[in-house]
Amino acid sequence: MKGISVIKSDDKGISKNLRLDKYIANSRAGSRSEVKEYIRKGCVTVNGEVCHDSSYHVKETDEVCLKGQKIVYKKHVYYMLNKPSGVVSATEDPVERTVIDLFPAELRKGLFPVGRLDKDSVGLIIVTDDGEYAHRLTSPSGHVDKRYLIRTDLPLSEEDAKKFSEGITLADGTALKSAKLEISPDDPCRAEVTISEGKYHQIKRMIASCGKKVIYLKRISMGDIVLDPDLEEGQYKEL
């Protein structure tokens, strides 16, 4: 099972054909139309000189400033979010609050959660605008480990841990890969679960196959990305 890094070394490279307006818009300083207006009004400088040309092609060595603030180009953005309970893992929902709603409006453009956590589950969600990275992190062929802390209604046993290790076949016939169930030595109703898949309600269904019920579930890592213990539920930070 492999880990996966968040940002590749070339993710901040600037395309030779990147226009000034797109360069600034990609920094999330405003929409493309808003940026064009900033440029028209003389709010943008390139290497200390006011630039009114939205189609100017930005070079690696150029210093671009908007209203005196240096713009740092980002091809993609990556956020670590500690998802609270009661929030759904979606970009939009007509009824429920989504993980994207936890971000201010000016940061939401193009963002989506990588994978999902159930509405009542908490913990690590990666939010990004990088589809290629999201695919690598969630694709079954990637074999990316995901770790969770769980609490159950009844004590877990070593027999349950053995079932996880051997691979569980669910009631509907779904065969799951080998997983790890590490029961707390202090409380048999608490455990850490490691899986490399992401089936629907997978951990809850695995525990149910052992005759128990998950009453608390928190994701603490995805690959090499570990949830910051100082990040409170509902908070996020850029990676």
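Restricting attention to segment 170-200, and to residues there that are under 27 Å from the mean Cα position of the chain (by Cα), small (Gly, Ala, Ser) and farther than 16 Å from Gly211 by Cα, which single residue is surrounded by the fewest Cβ atoms within 10 Å (Cβ to Cβ)?
Looking at residues that are under 27 Å from the mean Cα position of the chain (by Cα), small (Gly, Ala, Ser) and farther than 16 Å from Gly211 by Cα, I get Ala175.
What tally of residues in segment 127-158 results from selecting those that are part of a helix (DSSP H, G or I) and in contact (Cβ under 8 Å) with a residue 40 or more places away in the chain? Step through it out loud before you land on a result.
First, the residues of segment 127-158 that are part of a helix (DSSP H, G or I): 131-138, 140-142, 158.
Checking which are in contact (Cβ under 8 Å) with a residue 40 or more places away in the chain leaves us with 133, 136-138, 140, 142.
Looking only at that region, the number is 6.
Restricting attention to strands (runs of 3 or more DSSP E) lying wholly within segment 42-88, give those where 1 or more residues are of a type in the set (Ser, Thr, Tyr). Full working, then the answer.
Details: elements: 44-46, 64-66, 78-83.
Counting at least 1 such residues, we get 44-46, 78-83.
Regarding segment 142-149, can at least one residue be identified that is of a type in the set (Asp, Glu) and more than 30 Å from Arg108 (Cβ to Cβ)?
no
Yes or no: segment 82-102 includes at least one residue that is buried (at least 19 other Cβ atoms within 10 Å of the Cβ), modelled with pLDDT of 95 or more and among the polar types (S, T, N, Q).
Yes: one or more hits.
Report yes if Gly173 is touching a Leu at 6+ places or on another chain (Cβ under 8 Å) and on the phi > 0 side of the Ramachandran plot, otherwise no.
No.
The values are calculated or read from the model by the stated rules, or taken from the named source; none is laboratory data. Nothing here was measured: the structure is a model prediction, and the numbers come from that model. Quick reminder, even Gly has a Cβ in these numbers, built from the backbone with ideal geometry, and neighbours come from all protein chains shown.
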